[in-house]
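The structure under discussion appears below in the form of structure tokens.
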Amino acid sequence: MDAVVELSNIHKIYRAGRVEVHALRGVTLTVKAGDFVCIMGPSGSGKSTLLNVIGCLDHPSSGKYLLDGRDVLALSDGELAQVRNRTLGFIFQGFHLLPRLSVRQNVELPLIYRGIGPRERRARAEKALEAVGLGAEANRFPSELSGGQQQRVAVARALVAEPLIVLADEPTGNLDSRTGEEILALFQSLNDEMGITVVMVTHDHVMAQHGKRIVDLRDGVVISDKPVERRLLAKGILEQGVKIAG
């Protein structure tokens, strides 16, 4: 499989006055199409910084980054904005849904920024919602949904533009353990059934077992990068309405 992310000797240094904080210290990492990589590490290990670099939200201090073969560090701000909109899908710990928009309208937002017309936006949003088991909730509002359902809407919004890679930063952090398991099982299904490439930051080793690889960071350094034996889907999750789009 082709590599979609190629990081080579990435350093990130933050400066606060005369103090330098070395968040990343020579990280080298490759993510191939269809992979599911879980980045783990304690607070301050650099895992969120690494995800932000991969997501073109933060610029490394040095090193080389190829995203689908393109040299990210050579792109202009405008080109980076296009990469974020067209190539990457983001899922955060907070759902970041707009309360006055319906579920479907929230999912449509990335397509509006791409200039896609109303009819196609609606069709693609409904397909994405079906993929996460929320096809029947398209006309409801975020306040009418549970936390787990709102995170599924966020997943649908990340998927609707058909990104090359989905980046998730502690996506189960605001959920109870059972709902968190359901969301991770959903990620696993999307990865297995639709071939979606996922890079996820998590502090929970049990949750990370849903991935295919665990990358362990300590003090900005990759100390291990190991494959994992995939966990089975949470029992009964498909019966609870999570359906994978064909």
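Just so it is clear, none of the values below were taken in a lab; they were calculated from the coordinates. Not measured: the values here are computed from a predicted model. Cβ: placed from backbone, ideal geometry, glycine included. Neighbour counts: every protein chain shown.
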Single residue of 195, 180, 211 found to be within 16 Å of the chain's Cα centre (by Cα) and on the phi > 0 side of the Ramachandran plot: 195
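Please find, among 6, 79, the residue that is free of Cβ contacts under 8 Å to residues at least 40 places away in the same chain and farther than 18 Å from residue 158 by Cα.
Details: 6 fails: free of Cβ contacts under 8 Å to residues at least 40 places away in the same chain.
Only one candidate qualifies: 79.
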First in the range 200-216 and closer than 11 Å to residue 36 by Cβ, second anywhere and of a type in the set (D, E, K, R) and buried (at least 24 other Cβ atoms within 10 Å of the Cβ), Cβ under 9 Å, 6 or more apart: none
Pairs, first within 25 Å of residue 116 (Cα to Cα) in the range 158-177, second in a loop (DSSP other than H, G, I, E, B) and among the small types (Gly, Ala, Ser), C-beta under 7 Å, six or more apart: 167/55
Residues of the range 71-129 satisfying the condition of being of a type in the set (D, E, K, R) and in contact with a Leu (Cβ under 8 Å, 6 or more places away or on another chain): 84, 104, 120, 121, 124
Residue in the range 25-48 that is within 14 Å of the chain's Cα centre (by Cα) and of a type in the set (Ser, Thr, Tyr) present: yes
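For the range 136-150, give me the residue count where each residue is among the charged types (D, E, K, R) and part of a loop (DSSP other than H, G, I, E, B).
Residues in the range 136-150 being among the charged types (D, E, K, R) and part of a loop (DSSP other than H, G, I, E, B): 1 in total.
Identify, please: which residue in the range 142-157 is touching a residue at least 24 places away in the same chain (Cβ under 8 Å) and touching a Pro at 6+ places or on another chain (Cβ under 9 Å) and is, among those, nearest to residue 113 (Cα to Cα)? So that I can check it myself, show each step before the final result.
Restricting attention to the range 142-157, the residues satisfying the condition of being touching a residue at least 24 places away in the same chain (Cβ under 8 Å) are 142-143, 145-148, 150-157.
If we keep only those that are touching a Pro at 6+ places or on another chain (Cβ under 9 Å) as well, we get 142-143, 150-151, 153-155, 157.
Numbers: 142: 21, 143: 24, 150: 21, 151: 21, 153: 18, 154: 16, 155: 18, 157: 13 Å.
Here the residue is 157.
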Selected residue [surrounded by fewer than 18 Cβ atoms within 10 Å (Cβ to Cβ), more than 26 Å from residue 222 (Cα to Cα) and either touching a residue at least 12 places away in the same chain (Cβ under 8 Å) or over 19 Å from the mean Cα position of the chain (by Cα) (or both)] from 101, 111, 73, 57: 101
Failed item, numbered, when residue 154 is tested on (1) out of contact with any helix residue (DSSP H, G or I) (no Cβ under 8 Å at 6 or more places or on another chain); (2) surrounded by fewer than 24 Cβ atoms within 10 Å (Cβ to Cβ): (2)
Qualifying residues in the range 124-153 (those that are touching a Lys or Arg at 6+ places or on another chain (Cβ under 9 Å) and small (Gly, Ala, Ser)) - the one farthest from residue 179 (Cα to Cα): 125
Residue among 34, 89 that is in contact (Cβ under 8 Å) with a residue 12 or more places away in the chain, small (Gly, Ala, Ser), surrounded by fewer than 21 Cβ atoms within 10 Å (Cβ to Cβ) and in contact with a helix residue (DSSP H, G or I) (Cβ under 8 Å, 6 or more places away or on another chain): 34
